[in-house]
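Down below is the structure, laid out as structure tokens.
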Ligand SMILES: NC(=O)c1ccc[n+]([C@@H]2O[C@H](COP(=O)([O-])OP(=O)(O)OC[C@H]3O[C@@H](n4cnc5c(N)ncnc54)[C@H](O)[C@@H]3O)[C@@H](O)[C@H]2O)c1
Ligand SMILES: [Zn+2]
């Protein structure tokens, strides 16, 4: 199936087809130089399949893990593109999870002020969430996504068959972003998580629904001036926990799950969320020092002096934005 995201300056196409990685020419033109960026954890088979379809393909394999989203690796890739004489008309393909997507998008968006960019996300998190919406960035030290821009891929190829090799913890981690999408904007999606007895069977519907939520929000507010902030439900505390654990202890989706549990005030919804997160086998809480959480929230790029905009859900499928004093987040909420 195909979905288009209408943006101010371009249309980003999303395809959700099993095995689409094997038929790239159906979706994107490969009549140019192609740099495939991936990491060591992505099975070799996938990049060999992608490269075999490119006439002038080359490969950059980064180390796996969050530390790859760094200015150092960013510069290494830019150097390779320069050495190989890539132009703006040539193509970068991100093949991997959110780390590779964020890094490759930032490379493509800034090399010669923007070159062609397509994405083949291979984790649930990147298929459900990170590969659309155009947010691309690298981290500096332990501060996440602090150097970045908005740059949308011309096409996103979502191949559910690539998930067969994904470790279970990563598989579940990414699904938390779809749970979030349900809570903020799609009651049926949240109910699907409550009802499902076999996630695998419902996965396509889960991904399509979650992408619809993100598409609708991003189309209305591309640069996160207002409405798009609802996508940050659970992220204020979630990001702080990620930072406290030095981006190592918990995965992104897991932190978002914990963050949603911490911030939700409606007890009934909180209990429903608790059951869904248990079903997904993700943690419900983490050990942390409240002072440290407050410290990281203040440092978050979304904070504005003493205030931060918190997303709250009082009714499943509806979110509201509440400017909140950071200090008031102490106490029962965290
Ligand atoms: N840009 C956005 O809007 C946005 C949104 C949410 C998260 N993010 C970012 O995404 C990143 C997390 O992404 P992630 O959860 O996909 O993690 P990830 O990119 O680190 O991938 C997880 C692991 O799975 C491996 N892997 C990937 N595909 C595989 C496959 N098919 N089979 C086997 N192994 C595979 C990778 O090598 C990696 O070790 C974070 O940096 C986060 O900040 C960005
Ligand atoms: Zn997220």
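Kindly express, to the nearest 10 degrees and within the range 0 to 90, the angle between helix 71-83's C-alpha long axis and the longest C-alpha principal axis of the chain. Compared with the principal axis, the helix lies near 20 degrees.
Neighbour counts of other Cβ atoms within 10 Å put 270, 116 in the fewest-to-most order 270, 116. Rg/Rh for the chain (Cα atoms only, Rh after Kirkwood) is 0.96. For the chain, modelled as a GNM whose springs connect Cα atoms under 10 angstrom apart, the maximal fluctuation among 295, 152, 239 occurs at 295. Dimensions of the range 134-220 along the principal axes, based on C-alpha atoms and rounded to the nearest Å, stand at 41, 33, 27, largest first. In the chain, what % of DSSP beta bridges are antiparallel (nearest 5)? If I count the DSSP bridges inside the chain, around 45 percent turn out antiparallel. Between helix 267-279 and the chain there is an angle of about 40 degrees, using the helix long axis and the longest principal axis of the Cα atoms. For the range 2-165, what log10 I(q)/I(0) values come out of the Debye formula at q = 0.09, 0.10, 0.19 1/Å, with one point per alpha carbon and no solvent? Values returned for q = 0.09, 0.10, 0.19 Å⁻¹ are -0.24, -0.30, -1.23. Taking label points 7 Å from Cα along the Cα-to-Cβ direction, residue 2 and residue 22 give a separation of 2.1 nm.
Averaged over residues, the count of other Cβ atoms within 10 Å places the peptides 297-309, 86-98, 165-177 in the sequence 86-98, 165-177, 297-309, highest first.
With only alpha-carbon atoms in the gyration tensor, what are the semi-axes of the equivalent ellipsoid for the range 26-115, in Å, largest first?
Semi-axis lengths for the range 26-115 are 18, 17, 11 Å.
Place a label point 7 angstrom from the Cα of residue 320 along the Cα-to-Cβ direction, then list the residues of the range 232-276 whose backbone nitrogen is under 14 Å away. Hits in the range 232-276 for residue 320 at 14 Å: 265-266. Pairwise Cα distances in the range 168-329 exceed 28 Å for 16 percent of all pairs. Label separation (residue 82 vs residue 142): 3.3 nm, computed from points 7 Å beyond Cα along the C-beta direction. Considering only Cα atoms, the convex hull volume of the range 219-262 works out to 80 Å³ per residue. When each of the peptides 27-38, 248-259, 100-111, 122-133 is scored by how many other beta carbons lie within 10 Å of its residues on average, the order from highest to lowest is 122-133, 100-111, 248-259, 27-38.
Quick note: the coordinates plus some simple rules give every number you see, no bench work behind them. Model, not experiment: these values are computed from the prediction. Note: ideal-geometry Cβ built from the backbone for every residue, glycine included; neighbour counts use all protein chains shown.
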